[in-house]
Ligand SMILES: [Zn+2]
């Protein structure tokens with residue numbers, strides 16, 4: 001901070017520890033970093049840790065998690081993770097999420113995505129990635145709106161329920 005950087009990265013977290021161990025360490029770092037400059041938490045991409053970190057004052061994130069999950073057929077939705085490769089989706093004509101505006105949800109069914117993923121067609125991973133990145137961008141938009149409207153605690157609770165059992169590394 002004596003060098004007066006434009007912002008500060010917080011690293012060394014999300015390396016396998018539990019969220020209950022990570023958040024106190026994050027609190028300790030945030031306690032000494034300037035509030036009027038961007039604070040960036042490196043390598044965190046799970047929805048619960050993102051909203052918990054924002055609630056503590058983190059401004060920026062980067063993570064491979066949404067794309068890595070997509071390549072394995074795990075989709076992020078408002079009701080939690082969805083494994084598109086499950087047999088129950090074989091004949092589904094439903095989109096991944098009816099409320100999602102992404103190209104994948106507007107044009108392709110769960111059944112088609114499942115087919116692409118089970119035959120290892122690369123387009124499947126691409127379409128799943130488009131959805132997961134759209135969902136993450138929508139999430140940060142929801143977080144911004146929740147802060148503005150004073151409903152961040154409700155969103156924290158909603159994500160804690162939907163994504164119970166998901167660790168910071170996925
Ligand atoms: Zn979508």
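Rounded if a/c is under 1.5, else prolate if a/b is larger than b/c, else oblate: which is the range 66-132, with a ≥ b ≥ c the root eigenvalues of its Cα gyration tensor? Since a/c stays below 1.5, the shape of the range 66-132 is classed as rounded.
Compute the long axis of helix 19-32 from its Cα atoms, compare it with the longest principal axis of the Cα atoms of the chain, and write down the angle in degrees, 0 to 90, nearest 10. Taking the Cα atoms of the chain, the angle to 19-32 is about 40 degrees.
For the range 124-164, just say rounded, prolate or oblate: build the C-alpha gyration tensor, square-root its eigenvalues into a ≥ b ≥ c, call rounded for a/c under 1.5, and beyond that prolate if a/b exceeds b/c, oblate if not. Kindly include the intermediate steps, with their values, before the conclusion.
Working: a/c = 6.34, a/b = 1.83, b/c = 3.47.
The shape class here is oblate.
For the chain, the longest principal axis of the alpha carbon atoms and the long axis of helix 122-149 meet at an angle near 40°.
Summarise the long-distance tail of P(r) for the chain by giving the % of C-alpha pairs beyond 21 Å.
Tail of the P(r) past 21 Å holds 51 percent of the pairs.
Comparing 45, 93, 111 in a Gaussian network model of the chain (Cα springs below 10 Å), the most mobile by mean-square fluctuation is 93. Ranked by the mean number of other Cβ atoms within 10 Å per residue, highest first, peptides 71-80, 55-64, 32-41 order as 71-80, 55-64, 32-41.
Compared with the dominant Cα axis of the chain, that is its longest principal axis, helix 152-162 is turned about 40°.
Each pair of Cα atoms in the range 16-76 enters the Kirkwood radius, and Stokes-Einstein at 20 °C and 1.002 mPa s then converts it into a translational diffusion coefficient of 171 µm²/s.
Need the full-extension length gain, residue 18 to residue 79, defined as separation in residues times 0.36 nm minus the C-alpha distance. One decimal, nm.
My answer for the length gained is 19.8 nm.
Translational diffusion coefficient of the range 1-46 (Stokes-Einstein, Kirkwood radius from Cα pairs, 4 °C, 1.567 mPa s): 113 µm²/s.
Values quoted throughout were computed directly from the atomic coordinates according to the rules given, and no laboratory measurement underlies them. Just so you know, these numbers come straight off a predicted model, no measurement behind them. Neighbour counts run over all protein chains shown; Cβ positions are idealised from the backbone, glycine included.
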